[in-house]
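Below is one structure; the comments refer to it alone.
The values are calculated or read from the model by the stated rules, or taken from the named source; none is laboratory data. For clarity, every value in this text was computed on a predicted model and none was experimentally measured. We place every Cβ from the backbone using ideal geometry, glycine too, and count neighbours over all the protein chains shown.
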Amino acid sequence: MTHAAAQTTEVIGLPGLPRDDDGPVFAEPWQAQAFAMALALHQRGLFTWREWAATLADEITRAQAAGDPDNGERYYQHWLATLERLIAEKGVASSETLHRTRDAWDRAADRTPHGAPIVLQPGDFAG
């Protein structure tokens, strides 16, 4: 097994990852994209799987403490929160930059007709 295949197997084996008989499942395209980003950032050495799993577990625990029913429906929101947290902790981008970009994306998406590509414009960041 190649190193990349072994890493992918490690990710697929993460506890709590929604899956069916064929492997991980995604209800929305953004979930697959968040999954792919985590895999790519790990492969680039930003974090170890042990670090990822510990941070994800902490995000889930925080959400449960805040009343998350932990029924699996919000799993990828925890995945995304873990990505954002590690990116900020590692100094890749600040939490403020992540929030500003998310808000800009929301503004761009709001004005974009369904099915058309979303294009960020400088005004989207003015908020």
Note to self: For the stretch 56-73, give me each residue that is surrounded by 13 or more Cβ atoms within 10 Å (Cβ to Cβ) and not in a helix (DSSP H, G or I).
What the structure shows: ASP68, ASP70
Check: Which one of the conditions (1) free of Cβ contacts under 8 Å to residues at least 40 places away in the same chain; (2) in a helix (DSSP H, G or I) does TYR76 fail to meet, given that it meets all the rest?
Finding: (1)
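Taking ALA40, is it modelled with pLDDT of 90 or more, out of contact with any helix residue (DSSP H, G or I) (no Cβ under 9 Å at 6 or more places or on another chain) and of a type in the set (A, V, I, L, M, F, W, C)?
Details: modelled with pLDDT of 90 or more: yes; out of contact with any helix residue (DSSP H, G or I) (no Cβ under 9 Å at 6 or more places or on another chain): yes; of a type in the set (A, V, I, L, M, F, W, C): yes.
For ALA40, the condition - modelled with pLDDT of 90 or more, out of contact with any helix residue (DSSP H, G or I) (no Cβ under 9 Å at 6 or more places or on another chain) and of a type in the set (A, V, I, L, M, F, W, C) - is met.
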Notebook entry, point to check: Of all residues in the stretch 81-115, how many are small (Gly, Ala, Ser), over 29 Å from GLU51 (Cβ atoms) and surrounded by fewer than 16 Cβ atoms within 10 Å (Cβ to Cβ)?
Noted result: 2
Next item on the list: Just need a number here: residues in the stretch 96-127 that are among the polar types (S, T, N, Q) and under 20 Å from the mean Cα position of the chain (by Cα).
Entry: 2
Next item on the list: Among the candidates ALA88, ALA32, ALA53, ALA38, single out the residue that is part of a helix (DSSP H, G or I), touching a residue at least 40 places away in the same chain (Cβ under 8 Å) and of a type in the set (Gly, Ala, Ser).
Entry: ALA38
